[in-house]
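The values are calculated or read from the model by the stated rules, or taken from the named source; none is laboratory data. Note that the coordinates shown come from a computational prediction; the quantities given were computed from them, not determined experimentally. Cβ placement follows ideal geometry from the backbone for every residue including glycine, while neighbour counts extend to all protein chains displayed. Side chains included, ligands, DNA and RNA excluded: accessible areas come from the protein's heavy atoms. Shrake-Rupley method; radii C 1.70, N 1.55, O 1.52, S 1.80 Å.
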Amino acid sequence: MGKEFFILLALAVVMHGALAGLSRNDYDNRYKISEERYEELKQEGHQENQKIIHIVPHTHDDAGWLKTVDEYYSGDKDDIALAGVEYILDGIYDTLMKNPDRKFTYVEMVFFTKWWNEQTQEVKENVKMLVEQGRLAFVNGGWTMSDEANVNYEDFINNMKAGHDFLKETFDFKPTIGWHVDPFGHQSATAALFAEMGFDAWFFARGDYQDKEIRMEDKSLEFLWRPFYENLGNRTEIFTHWMFDMYFSPANFTFEELWGNSPIVDDPNLRTYNLDERLEEFELLMRDRASHYKTDHILAVFGQDFAYLNAQKSFKNIDKLIYHFNKKYSHMKLVYSTPYDYVKAVHESKVKLPVQYDDMLPYASSPHDYWTGYYTSRANFKSLVKYSSEKFNSYSTLFAEDSLIDHSEEEEIQLMDTYTEFYHKMGLVQHHDAVAGTAKKRVMDDYSDQLYYSVKGATGQIFKTFGNLHDLDPRDFSMCIERNSSLPDCPTNYFDKYDTLDLYITSPVRDMTMMPRIPLPDGNFTFEWDGGQPDITCDGPMTTYAFLPVDIKRGETIQIRIHRDTISHCVDLLDPYTPIEMEHISVSYLGENEAGESQFSYHNKDTGVSEKISTSLMAYDSFQNTSEHVSGAYIFRPEHEDGQAYSFRNEITKRELFCGKNVCILLMFGDTVINNIIFNNFNDFIRLETVFMGIPYSEQGKEVVMRIRAESIQNDGVFYTDSMGLELQKRVVNERPYWNLDVNEPVAGNYYPVNNLIRITDNNTALEVINDRPQGGTSLKDGEIELMVQRRLYVDDEKGVNEPLNESDDGTPEGPGAKVKLYTYFRITTPNPPEPISIAKVDLESPAVEIFDFSPSEEPPRRFSSTKCSYPRELKILSFPEGNGTVFFRIENILEKKIRDETFRVDATKIAQELSNLEIDSLVETSLTGVFTIDELQSRLKWEGEDFTSPRTDYSSDLSNITLEPQRIRSFRVKFKKPSVVSFSS
């Protein structure tokens with residue numbers, strides 16, 4: 001075993017990487033046994049205890065990356081990547097049917113459902129037999145294998161539920177193992193949510209190289225993770241397995257074509273006979289692997305991206321390996337296995353596991369390869385996903401209520417088909433190369449198209465649903481195209497044809513106090529409703545807006561009539577330096593300093609805190625020397641070792657201040673940025689609307705960031721970021737919770753994903769920031785928060801996508817930089833404010849639905865009163881239709897103990913009954929994705945920790961008195977006695 005082995009491996013990677021879509025870097029960072037270690041192993045004696053080597057065949061099938069999801073399924077465009085999931089699944093089925101000893105593990109339901117729907121009834125029955133026998137195992141079971149850094153927890157749960165729905169309905173199969181082998185770093189939220197789904201264990205492959213070196217040495221690649229422990233205690237603890245050598249077959253034992261790995265040749269009459277050599281090679285590999293684990297059970301996965309395109313060849317060689325190895329050796333035994341078999345065996349070993357409480361971010365694969373660039377890559381697509389998520393949350397609750405109305409069969413099928421399409425497309429874009437922004441541009445365009453058309457279809461259905469729920473004719477309904485749309489994208493653009501429009505605002509999810517912004521052609525409009533005339537800010541035909549002060553209850557609908565008027569109702573235009581007095585805050589604009597920062601004095605009337613704050617745009621030059629590791633779609637690496645950014649100058653050419661009764665807007669027009677800074681009477685947040693004109697083309701890559709600075713805060717390198725929108729995670733600059741960090745990248749190595757919010761605080765003051773999409777963020781200096789806005793790069797980081805992240809508005813390499821429109825909310829407050837930041841965050845995640853009607857009713861505008869109870873704003877309730885009179889709903893306490901510790905009790909029966917006046921047939925509490933009843937969760941595996949063993953979680957449930965501790969999410973399924981029943985497919 002010498003140099004020729006490594007030469008063959010490298011050759012195989014080059015050949016197959018171009019064809020199947022594997023990253024060269026993945027193999028640069030694979031575990032390699034040195035020649036010295038090989039010799040050492042040869043000299044060592046065999047272990048006393050027999051080791052069981054669990055051979056787990058699997059394939060990792062990306063739902064889009066180098067090819068689109070449909071191209072990957074059908075096998076199209078082989079010149080880009082040699083991969084066809086349809087044929088992989090055909091081959092797996094055939095080979096499993098030929099040999100009852102073989103087993104296989106599959107993951108991605110977006111592909112499996114396509115394949116399943118094409119099969120004959122005979123094949124389907126055989127597949128059900130394979131599943132029942134445990135020979136075809138499904139792990140994870142989500143629609144896709146989602147990203148972890150850039151997803152919101154609701155989308156994460158829904159993606160998993162989409163796949164679990166199919167598995168439960170088709171096979172009565174309930175996954176209990178998570179399988180996140182390719183996402184680029186791991187959040188505490190992932191482990192916590194998996195546990196609440198009823199999972200016993202989960203597996204991942206990517207983690208920090210420094211961390212892994214330590215774990216290899218002290219045998220802690222398997223551990224007990226206790227995420228969100230401060231809030232949720234032991235209920236979320238879960239067995240965690242860090243894969244030994246990525247998710248690939250043992251080195252030199254991949255039997256696919258083009259890899260250059262020798263097959264097992266066991267016929268001594270052939271001149272290519274190599275059985276003894278190959279067995280010895282595998283025995284050494286497994287003996288070395290076993291030395292890094294505490295039990296006698298060792299996992300050896302056989303697979304990689306789009307593996308088993310030639311399933312017959314792969315299985316035939318694994319058959320030979322198992323048969324001959326077990327004949328030759330007694331100290332090790334090879335067995336076909338699945339992750340379920342492996343977890344059961346490890347659990348029965350009763351090993352005491354090391355314990356972890358914090359997350360595993362950021363991910364570094366080498367000293368200068370920090371995978372923190374993808375937290376921001378393709379900022380506009382990330383915004384589209386977040387906006388679509390908000391729509392999905394609001395629409396789903398209305399769809400759920402509509403599904404319980406007595407419809408025709410055709411109408412009910414259309415409703416469920418439209419919902420399911422939206423549901424599945426939201427699952428698709430959670431894939432770890434989709435929302436991450438790490439696929440090829442043409443693939444990203446395909447994701448955008450699929451998501452756009454599913455949102456469009458759902459919007460058409462929401463008009464019908466809203467009409468059904470309110471007894472209105474939906475034929476003349478319309479809606480603004482996007483969040484905070486401008487006039488051309490809204491129905492109000494047609495006031496040249498209509499003198500009057502009706503606007504309906506409904507809040508499906510929760511009680512809200514909000515300030516919707518309606519674009520108008522000018523200020524000559526009056527608003528007829530119980531809220532009075534709104535503030536109208538007039539800066540021109542494309543930038544005139546009405547701000548409506550809306551206080552709305554959950555389930556309530558407000559009707560507002562907008563009339564064309566002959567006189568202007570524009571608010572006053574003031575000197576931009578005029579002090580601004582709102583109900584909760586006082587703010588004064590102080591101008592720009594020499595560094596180009598816009599400065600403000602801020603006083604919070606609710607907490608008494610005052611602070612001088614500033615905002616600015618800065619830029620890092622990207623490292624792009626291709627002889628080393630560079631910035632790219634995945635990697636963030638600044639050019640300068642000291643990590644110093646420079647001012648991305650924005651020469652302000654005009655400033656305007658508009659103030660009314662409830663809102664003030666400071667407009668700042670610059671050559672690279674337009675800022676609308678909005679202050680209102682409803683809360684203490686400043687809303688910063690930024691239109692960034694893009695990064696101009698040059699030969700030097702740039703990464704532009706926004707900095708918000710509070711002059712007096714001394715946070716000493718400590719900051720907090722959310723975990724998928726859930727619990728705040730403590731971050732400390734240049735530190736990791738579990739090992740002494742060797743600092744090689746002082747900027748990129750301190751970047752973390754900010755899905756919803758980032759916070760810094762000292763003993764007296766806190767600066768809190770909410771963003772409108774996932775971004776990379778940090779706090780490198782006292783009092784300062786930094787969020788990355790946009791990236792434009794001209795070299796590829798060699799992580800497999802083989803394309804620079806060079807986004808332009810016209811799609812050409814040298815075109816003007818892609819514009820980014822983003823919304824950032826920030827405030828100065830106390831460390832424990834009276835209204836926690838999580839409440840404002842959820843208001844943004846669950847917006848009201850706004851519908852315009854071109855045919856206003858003849859009746860006066862009114863409020864459609866809600867039949868629903870009002871609950872504290874700290875609670876969030878979402879509902880989802882399942883058809884046949886069934887609705888799935890979740891209740892959540894959005895608080896966090898470290899900011900405000902408050903537990904709520906609610907009656908789940910009452911919440912269920914609010915959905916319909918039909919009689920409830922059944923109501924059960926379930927796991928997060930609904931496949932387990934709460935009673936079934938009692939059988940979750942219990943693990944022993946090295947520090948202590950937690951008591952078994954009490955999953956008892958009193959439906960009339962549900963307890964919701966901070967960060968707790970509880971799920972329920974209610975079935976109503978509906979007169980007609982329609983059958984739906986998943």
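For the range 505-512, the criterion of being of a type in the set (Gly, Ala, Ser), at pLDDT below 85 and buried (at least 16 other Cβ atoms within 10 Å of the Cβ) is met by none of the residues. When the range 308-344 is limited to residues that are farther than 18 Å from Asn274 by Cβ and basic (Lys, Arg), the one that is nearest to the chain's Cα centre (by Cα) turns out to be Lys344. Can you spot a residue in the range 57-74 that is open to solvent by 20 Å² or more (accessible area, probe 1.4 Å), touching a residue at least 60 places away in the same chain (Cβ under 8 Å), assigned to a loop (DSSP other than H, G, I, E, B) and at negative phi? For the range 57-74, residues open to solvent by 20 Å² or more (accessible area, probe 1.4 Å), touching a residue at least 60 places away in the same chain (Cβ under 8 Å), assigned to a loop (DSSP other than H, G, I, E, B) and at negative phi: absent.
Note on the range 930-946: among residues that are more than 25 Å from Glu154 (Cα to Cα) and outside any strand (DSSP E or B), the one that is least open to solvent (accessible area, probe 1.4 Å) is Trp943. Looking across the range 728-740 at every residue that is open to solvent by less than 40 Å² (accessible area, probe 1.4 Å) and at pLDDT 95 or above, the one that is nearest to Ala840 (Cα to Cα) is identified as Leu728. Quickly run through the range 106-145 and pick out the residues that are polar (S, T, N, Q) and surrounded by 15 or more Cβ atoms within 10 Å (Cβ to Cβ). Passing the criteria: Thr113, Gln119, Asn126, Asn140, Thr144. Within the range 573-628, restricting attention to residues that are of a type outside the set (S, T, N, Q), assigned to a strand (DSSP E or B) and in contact with a His (Cβ under 9 Å, 6 or more places away or on another chain), which residue is surrounded by the fewest Cβ atoms within 10 Å (Cβ to Cβ)? Going through the qualifying residues, I end up with Asp621. List pairs: first in the range 782-806 and on the phi > 0 side of the Ramachandran plot, second open to solvent by 20 Å² or more (accessible area, probe 1.4 Å) and among the polar types (S, T, N, Q), Cβ under 9 Å, 6+ apart or cross-chain? Note: pairs meeting the criteria are Gly783/Ser712; Gly783/Gln714; Glu798/Thr626.
Among the candidates Phe194, Phe173, Phe204, Phe199, the residue that is open to solvent by less than 10 Å² (accessible area, probe 1.4 Å), more than 28 Å from Tyr370 (Cβ to Cβ) and in contact with a strand residue (DSSP E or B) (Cβ under 8 Å, 6 or more places away or on another chain) is uniquely Phe199. Among the residues making up the range 324-374, those that are of a type in the set (Asp, Glu) and either buried (at least 16 other Cβ atoms within 10 Å of the Cβ) or at pLDDT below 95 (or both) are Asp341, Asp358, Asp359, Asp369. Just one of the listed residues (Lys868, Lys898) is open to solvent by 10 Å² or more (accessible area, probe 1.4 Å) and either over 28 Å from the mean Cα position of the chain (by Cα) or small (Gly, Ala, Ser) (or both), namely Lys868. Being farther than 24 Å from Ser314 by Cα and either of a type in the set (S, T, N, Q) or not in a loop (DSSP other than H, G, I, E, B) (or both) is a description that does not apply to Asn126. Being under 19 Å from Pro746 (Cα atoms) and open to solvent by 50 Å² or more (accessible area, probe 1.4 Å) is the filter here; which residues of the range 769-817 pass it? Matches in the range 769-817: Leu780, Lys781, Asp782. Of the residues examined, Lys174 is one that is of a type in the set (Lys, Arg), within 24 Å of Leu941 (Cα to Cα), in contact (Cβ under 8 Å) with a residue 40 or more places away in the chain and not in a helix (DSSP H, G or I).
Exactly one residue out of Ile911, Ile891 is open to solvent by less than 40 Å² (accessible area, probe 1.4 Å), within 24 Å of the chain's Cα centre (by Cα) and among the aliphatic types (A, V, I, L, M), and it is Ile891. Of all residues in the range 872-888, which are more than 17 Å from Lys553 (Cβ to Cβ), open to solvent by less than 40 Å² (accessible area, probe 1.4 Å) and either assigned to a loop (DSSP other than H, G, I, E, B) or touching a Cys at 6+ places or on another chain (Cβ under 8 Å) (or both)? If the condition is that a residue be more than 17 Å from Lys553 (Cβ to Cβ), open to solvent by less than 40 Å² (accessible area, probe 1.4 Å) and either assigned to a loop (DSSP other than H, G, I, E, B) or touching a Cys at 6+ places or on another chain (Cβ under 8 Å) (or both), then Gly885 is the only one that fits. What's the number of the only condition in (1) without any contact (Cβ under 8 Å) to a residue 40 or more places away in the chain; (2) open to solvent by less than 10 Å² (accessible area, probe 1.4 Å); (3) of a type outside the set (Ser, Thr, Tyr) that Leu501 fails to meet? Failed condition: (1). For the structure I just gave you, tell me whether Ser960 is over 24 Å from the mean Cα position of the chain (by Cα), open to solvent by 60 Å² or more (accessible area, probe 1.4 Å) and either within 22 Å of Arg510 (Cα to Cα) or aromatic (Phe, Trp, Tyr) (or both). Criteria met by Ser960.
Checking every residue in the range 508-525 against the condition of being under 28 Å from Ser865 (Cα atoms) and of a type in the set (Gly, Ala, Ser) gives zero matches.
Looking across Asn252, Asn261, one residue alone is under 30 Å from Glu71 (Cα atoms), within 35 Å of the chain's Cα centre (by Cα) and open to solvent by 10 Å² or more (accessible area, probe 1.4 Å). It is Asn252.
Arg968 passes every criterion in (1) within 21 Å of Glu154 (Cβ to Cβ); (2) out of contact with any helix residue (DSSP H, G or I) (no Cβ under 7 Å at 6 or more places or on another chain); (3) of a type in the set (Lys, Arg) apart from (2). Please verify whether the range 650-667 includes one or more residues that are open to solvent by less than 50 Å² (accessible area, probe 1.4 Å) and among the charged types (D, E, K, R). The answer is yes; a qualifying residue exists. Tell me whether the range 231-244 contains one or more residues that are under 30 Å from the mean Cα position of the chain (by Cα), in a helix (DSSP H, G or I), modelled with pLDDT under 95 and of a type in the set (A, V, I, L, M, F, W, C). The answer is yes; a qualifying residue exists. Output the number of residues of the range 664-714 satisfying the condition of being out of contact with any Ser or Thr (no Cβ under 6 Å at 6 or more places or on another chain) and either of a type in the set (S, T, N, Q) or not in a strand (DSSP E or B) (or both). Looking only at that region, the number is 19. Regarding the range 265-280, can at least one residue be identified that is open to solvent by less than 10 Å² (accessible area, probe 1.4 Å), within 25 Å of the chain's Cα centre (by Cα) and free of Cβ contacts under 8 Å to residues at least 60 places away in the same chain? No: the range 265-280 contains no residue that is open to solvent by less than 10 Å² (accessible area, probe 1.4 Å), within 25 Å of the chain's Cα centre (by Cα) and free of Cβ contacts under 8 Å to residues at least 60 places away in the same chain.
Within this structure, Lys103 fails the test of being out of contact with any strand residue (DSSP E or B) (no Cβ under 7 Å at 6 or more places or on another chain) and either open to solvent by 30 Å² or more (accessible area, probe 1.4 Å) or of a type in the set (Lys, Arg) (or both).
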